[in-house]
Amino acid sequence: MKKIAVFTSGGDAPGMNACVRAVVRTALYHGIEVVGIRRGYRGMIDGDFVPMTSYSVSNIIGQGGTILKSARCDEFRDIKWRKVAYDNCVKEGIEGLVAIGGNGTFTGAELLMENFGIPTIGCPGTIDNDLYGTDYTIGFDTAVNTALDAIDKIRDTASSHDRVFFVEVMGRDAGFIAMQCGIGGGAEKILVPENPDSIDDVIATLKSGGENEKPSHIVVVAEGEEIGNAHFIAQKAKEALPNLDIRVSNLGHIQRGGSPSAIDRIIASRMGIAAVEGLLEGKNNVMSGIIDDKIVYTSFNDAINKKKALDVDLIKMVKILNS
Ligand code: F6P
């Protein structure tokens, strides 16, 4: 293999730059040329390739976002546009790809391989931590700490005003971020899609808090929670408990930004190196992840389609820690 390309795709995540840096420097270390593709599959279709040198990835290990930019590209679902993307890669002399992203990114890579046989290895880059085949995804740790910091601040004002706050966090259909920042932030309740709950449960928790003379509460709600979003649940709680002073805070995209944590920089670097070395060993259509602190390769098919289990037993902790 003489030349590879690296790109970031889907929702950005802190640590993607550290991964790009690792991919570029590992390739150069092994004497392979590298290009970056800007804006993921969008740039592959547009032929937006940039040569990468060791210098081009200097001082980016601690930067949030992605220097290669990212995009969600619906056209890539259409084989006509995948052919355009493939032809551009061939013209550029690209023999292998490293795709940094989540579910959508790996689905695209799998289709590209299936249709045109271009070898790809993925690095799990998403704050959601919802990929099977890795204990943690790049960006998750930073996102949890960002959400935790916000919850600590909300706790201050909630406590001063004796208020109840419903705090909505990201995670798409998974509750990993909610669970971690909820436990770390001492939330009185954590609502995640993996653990069925009801409005009545929420109301009972708030009521029992009041009886224990604890008028300020934090309820962390995962965006994928099945009962409804934080506004909907807060409205129902207000109707049932009109004496409580209830507010909602949706943390939103701040969770995607910021300088990556040490953990994210390190796992991103390890996964980036493993992706390039995997390609050189002839691996293909797999994601490089870390399980029990060891690099493992998992097929895109499993990474996308197998459900990564959230340890819902952790919810028991919330009850104990609030007793
Ligand atoms: O996958 C990362 C993520 O931030 C999810 O947590 C969230 O549901 C989604 O992306 C938001 O996407 P967008 O920035 O395109 O609105």
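Among the residues of the range 40-57, those that are in a loop (DSSP other than H, G, I, E, B) and surrounded by fewer than 22 Cβ atoms within 10 Å (Cβ to Cβ) comprise Gly47, Asp48, Thr53, Ser54. Put simply, of Ile79, Ile177, Ile183 the only residue that is of a type in the set (Val, Ile, Thr), more than 16 Å from the ligand (Cβ to nearest atom) and more than 24 Å from Met44 (Cβ to Cβ) is Ile183. When Ser58 is tested against (1) more than 20 Å from the chain's Cα centre (by Cα); (2) touching a residue at least 60 places away in the same chain (Cβ under 8 Å), only condition (2) is not met. If you check every pair at least six apart or on different chains, which have Cβ atoms under 6 Å apart with a residue in the range 253-265 that is assigned to a helix (DSSP H, G or I) and open to solvent by 50 Å² or more (accessible area, probe 1.4 Å) first and a residue that is away from the ligand (no atom under 16 Å from the Cβ) and not β-branched (Val, Ile, Thr) second? These pairs meet every condition: Arg265/Ala18.
Can you tell me which residue within the range 58-105, out of those that are among the aromatic types (Phe, Trp, Tyr) and surrounded by fewer than 22 Cβ atoms within 10 Å (Cβ to Cβ), is farthest from His253 (Cα to Cα)? First the steps, then the outcome.
From the range 58-105, those among the aromatic types (Phe, Trp, Tyr) are 76, 81, 86; that's our starting set.
Remaining after also requiring surrounded by fewer than 22 Cβ atoms within 10 Å (Cβ to Cβ): 81, 86.
Values: Trp81: 30, Tyr86: 32 Å.
Among residues in the range 58-105 that are among the aromatic types (Phe, Trp, Tyr) and surrounded by fewer than 22 Cβ atoms within 10 Å (Cβ to Cβ), the one farthest from His253 (Cα to Cα) is Tyr86.
Number of residues in the range 177-217 that are out of contact with any Gly (no Cβ under 6 Å at 6 or more places or on another chain), open to solvent by 40 Å² or more (accessible area, probe 1.4 Å), modelled with pLDDT of 95 or more and farther than 20 Å from Lys236 by Cα: the value is 3.
Is it true that Gly101 is at pLDDT 95 or above and under 24 Å from Thr142 (Cα atoms)? Walk me through it before giving the result.
Working: at pLDDT 95 or above: yes; under 24 Å from Thr142 (Cα atoms): yes.
Considered against the rule, which asks whether it is at pLDDT 95 or above and under 24 Å from Thr142 (Cα atoms), Gly101 comes out as yes.
For Ile94, are the conditions met, namely being within 16 Å of the ligand (Cβ to nearest atom), outside any helix (DSSP H, G or I) and more than 14 Å from Ile304 (Cβ to Cβ)? So Ile94 fails the test. Of the residues screened, Lys236 is one that is at negative phi and outside any loop (DSSP other than H, G, I, E, B).
Name the single residue, out of those in the range 20-32 being part of a helix (DSSP H, G or I) and without any contact (Cβ under 8 Å) to a residue 60 or more places away in the chain, that is nearest to the chain's Cα centre (by Cα). The qualifying residue nearest to the chain's Cα centre (by Cα) is Val24.
Restricting Val35, Val90 to residues that are without any contact (Cβ under 8 Å) to a residue 24 or more places away in the chain and of a type outside the set (D, E, K, R) narrows the list to Val90.
Just one of (1) touching a Ser or Thr at 6+ places or on another chain (Cβ under 8 Å); (2) within 16 Å of the ligand (Cβ to nearest atom) fails for Asp74. It is (1).
Report yes if some residue within the range 273-281 is touching a strand residue (DSSP E or B) at 6+ places or on another chain (Cβ under 6 Å), under 21 Å from Asp128 (Cα atoms) and either within 16 Å of the ligand (Cβ to nearest atom) or open to solvent by 70 Å² or more (accessible area, probe 1.4 Å) (or both); otherwise report no. No, the range 273-281 has no match at all. Screening Glu239, Glu223 for residues that are without any contact (Cβ under 8 Å) to a residue 12 or more places away in the chain, among the acidic types (Asp, Glu) and over 19 Å from Leu97 (Cα atoms) leaves exactly one candidate, Glu239.
Only one entry of Asn284, Asn229, Asn301 meets the criterion of being open to solvent by 40 Å² or more (accessible area, probe 1.4 Å), touching a strand residue (DSSP E or B) at 6+ places or on another chain (Cβ under 8 Å) and within 30 Å of Ile4 (Cα to Cα), and that entry is Asn284.
Applying a threshold of 8 Å to beta carbon distances and a minimum spacing of six or more residues, or different chains, the list of pairs starting in the range 160-171 at a residue that is within 16 Å of the ligand (Cβ to nearest atom) and ending at one that is hydroxyl-bearing (Ser, Thr, Tyr) reads Val167/Ser249; Glu168/Ser249. Out of everything in the range 126-176 that is aliphatic (A, V, I, L, M) and part of a loop (DSSP other than H, G, I, E, B), what residue ends up being most open to solvent (accessible area, probe 1.4 Å)? Taking the candidates together, the pick is Met170.
The values are calculated or read from the model by the stated rules, or taken from the named source; none is laboratory data. What you are looking at is a predicted structure, and each value in this text was computed from that prediction instead of being measured. Ideal geometry is used to build each Cβ from the backbone, glycine not excepted, and the neighbour counts take in all protein chains shown. When the accessible area is computed, the model is the full protein with side chains, heavy atoms only, and any ligands, DNA or RNA have been set aside. Shrake-Rupley method; radii C 1.70, N 1.55, O 1.52, S 1.80 Å.
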